[in-house]
Amino acid sequence: MCFISPLRRGSGDMKAAVRNLCLVLGDQLTHDLASLHDFDLKRDVIWMCEVAEEATYVRHHKKKIAFLFSAMRHFADELRAKGYRVHYTHIDDANNAGSFEAEVARAIHTLKPEKLLLTFPGEYRVLEAMRGWPTKFGVKVEILEDDRFLCTVDEFATWVKDRKQLRMEFFYREMRRRYKILLNGDDPEGGQWNYDSENRKPPDGGAGMFQSTPLFFKPDKITREVMEIVAARFGDHFGDLEPFHFAVTRDQALEVLDHFIRERLPFFGDHQDAMIEGQPWMYHSFISAYINCGLLKPLEVIAAAEQAYRNGKVPLNAAEGFIRQILGWREFVRGIYWVKMPAYASENFLQANRPLPWFYWSGETDMNCMKQCITETKQNAYAHHIQRLMVLGNFALLAGLDPKEVNEWYLVVYADAYEWVEMPNVSGMILFADGGYLASKPYAASGAYIDKMSNYCKGCKYKVADKNGKDACPFNYLYWDFLDRNREKLRGNHRLGMIYNTLGRMGDDRLAAIRHDAKLFLDKLSDKA
Ligand code: FAD
Ligand code: DLZ
Ligand code: SF4
């Protein structure tokens, strides 16, 4: 059953001739979305649907499904309140056809639109399907640029042309100039483009200093209804459904942003890379799920952070560090995804093929850092960047886990995960599966890094100071074993020159011990995978 708005005003019947059927996908919940720019209240209809295929093509975290379905329902209500006609299929509607394509077919049959108006989607598989629709359905299809992003796919493609290796830093500087962000005339505010060196302070102030959490919300009636459906239909998916505290409307997401800028952004820079047991959010913004589904727009977030700096409320290193993530990294990884797809999905430069160990789902491992990050991921559908990169990702790299399995895990477990942003971070940033297109060297690190940036090692069965032996931190021997195993592929990387010199000077006994401990550990891992 399609939901026909009781609130539509002077917009005629849903069966009246339809000019454009304007699609709004779950990650396109933006009032001025491209496909809604020229919306005509009388002649156009909005299409939205909750479908099993999107929830199960990878078995998304329960919280992610509940969040998106609730946000979609709230968004549809807002559109109806503006007088828009909305053709909305709920997940439990009896005649729900189960996929985007089948639901579009049903809507075309009922509404007979002259044209489908689409906004460029976030995943290649969806774009491919859309490209087949004109032939399949015999209807005009127009796919519009997603202008919520600040660099178009074509602009990025032009930027990468003739560059063998890309550097985010240069892209970011161009974006700062183009959008006039944190500039002083033509120069960077404060004289430097990047204040990262000031943003790596360890958590030496103790756990007490990290008590700040993001703004949370109590589930309303719509969210509670959705949670019941998710529990019943997707109850065997990974992750905890409760407690549920996500924002599900734009107004709420704006409150989260405002709260972050006022109370937490001032400290974001200094401790951006720190990790503390029991502190999942630290001073991170927790807005990625909101930006990625469209409730917040990247440029307004950047403007809010810059304004806080200009008002003297936030230090430059915090504002710049935060803005770089959105204006730099977020746009950069999206560009790489579209330039490199579909081949990017099969990249495996290091020929890593170990199956994903079961503990990535259960959290049951003696490595306390992994256990903490996986448990928090399960609870919150969230982990902050350094947990994703330097703990969970670092282990996947060192253990040689299969990129396809690692990509699927990251796409499942995080509420902010869509392939355009997940895949470059996984294949490019953590696994070096693209051979160094995105990152200039693998982000490999031993236990010492985790010990410096967190308090995880204090509560661990393993000893971070031990390099070999049964009590030694696995990250320590896996680190050298990774470099040893991949010597042929990595030794030519100029950023790894010193490390390979050290490995080259290592005595035979030490190398043998490393290989032995790594083999023992990795064989056991595969047994349980
Ligand atoms: P903050 O630390 O407060 O940063 C602010 C914003 O900057 C984020 O909300 C996000 O929009 C943007 N950002 C920061 N780093 C990145 C980055 N590397 N790439 C793109 N945007 C960035 N981010 C996702 O949005 N979706 C994903 O599926 C995703 N998968 C990741 C997988 C791995 C292996 C790694 C290492 C990183 C991944 N990231 C992903 C990037 C980053 O970890 C998250 O954006 C961030 O943790 C979200 O939390 P936050 O909103 O508190 O971010
Ligand atoms: C992630 C997701 C889920 C779980 N469910 C839906 C849905 O039922 N309907 C919908 O429109 N979108 C959903 N999404 C988001 C889509 O997967 C996303 O729009 C595509 O992957 C393109 O980025
Ligand atoms: Fe992780 Fe090693 Fe520290 Fe344990 S000792 S928490 S495994 S880094």
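The values are calculated or read from the model by the stated rules, or taken from the named source; none is laboratory data. Keep in mind that what you see is a predicted model, and the values were worked out from it rather than measured. Note that we place each Cβ from the backbone using ideal geometry, even for glycine, and neighbour counts take in every protein chain shown. To get the accessible areas, we keep the full protein, side chains included, count just its heavy atoms, and leave off ligands, DNA and RNA. Shrake-Rupley method; radii C 1.70, N 1.55, O 1.52, S 1.80 Å.
Let me check I've understood the local charge: for Asn493, count other residues with C-beta under 14 angstrom from its C-beta, Lys and Arg +1, Asp and Glu -1. What total comes out?
Summing Lys/Arg as +1 and Asp/Glu as -1 gives +4.
Within a Cβ distance under 12 Å of Glu408, other residues only, what is the Lys/Arg minus Asp/Glu net charge?
Net charge around Glu408: -2.
How many angstrom lie between the Cα centre of region 505-529 and the Cα centre of region 394-416?
22 Å
As a check on your grasp of the helix formula, calculate [θ] at 222 nm for the chain: sum -39500 (n - 2.57) over DSSP H runs of n ≥ 4, divide by the residue count, round to the nearest 500. List each step's numbers first, then the result.
Values: 24 runs with 230 residues, N = 529.
Taking each H run of at least 4 residues, the total per residue is -12500 deg cm²/dmol.
Under the definition of Cα pairs under 8 Å and six or more residues apart, what whole-number percent is the relative contact order of region 241-294?
Averaging sequence separation for qualifying contacts and normalising by length gives 36 percent for region 241-294.
Would you grab the residues whose amide H sits under 5 Å from the one on Val86? Only those 5+ places off in sequence or on another chain, please, with H modelled 1.01 Å from N.
Under 5 Å from the amide H of Val86: Ser5, Ile46.
With +1 on the Cβ of every Lys and Arg and -1 on the Cβ of every Asp and Glu, and nothing else charged, how large is the dipole of the chain about its Cα centre, in debye rounded to the nearest 20?
With Lys and Arg at +1 and Asp and Glu at -1, about 420 debye.
Ignoring ligands, DNA and RNA, please state the percent of accessible area on the chain from carbon and sulfur, probe 1.4 Å.
51 percent
Taking Cα centroids, how far is region 36-115 from region 231-296 in Å?
Rounded to whole Å, the Cα centres lie 25 Å apart.
Express the accessible area of the chain per residue in Å², computed with a 1.4 Å probe while the remaining protein chains stay in the model.
Here the residues of the chain average 41 Å² of exposed surface.
Report for the chain the percent antiparallel among DSSP-assigned beta bridges with both residues inside it, nearest 5.
Of all bridge pairs located within the chain, approximately 20 percent are antiparallel.
What is the ratio of the Cα radius of gyration of the chain to 2.2 N^0.38 Å, where N is its residue count, to two decimals? Could you put the intermediate results ahead of the total?
Values: Rg = 24.1 Å, N = 529, 2.2 N^0.38 = 23.8 Å.
Normalised by 2.2 N^0.38 Å, the Cα Rg of the chain equals 1.01.
Considering Cα pairs under 8 angstrom that are at least six residues apart, work out the relative contact order of the chain and quote it in whole percent.
Reported relative contact order: 16 percent.
Per residue, how big is the convex hull of region 24-132 when only Cα atoms are used? Give it in Å³.
Convex hull of Cα atoms, per residue: 107 Å³.
Could you name the lysines whose alpha carbon sits less than 29 Å from that of Lys161, not counting residues in the same chain fewer than 8 places away?
Lys180, Lys297, Lys340, Lys404, Lys441, Lys489
Quick one: length gained pulling Asn95 to Glu114 fully straight, 0.36 nm per residue minus the C-alpha distance?
Contour length minus Cα-Cα distance gives 4.5 nm.
So what's the convex hull volume per residue for the Cα atoms of region 191-342, in Å³?
On the way: hull volume 23.7 nm³, N = 152.
Hull volume normalised by residue count: 156 Å³.
Once you've got the Cα coordinates, tell me which of Lys115/Lys136; Lys378/Lys463; Lys371/Lys463; Lys112/Lys136 are over 18 Å apart.
Correct reply: Lys378/Lys463.
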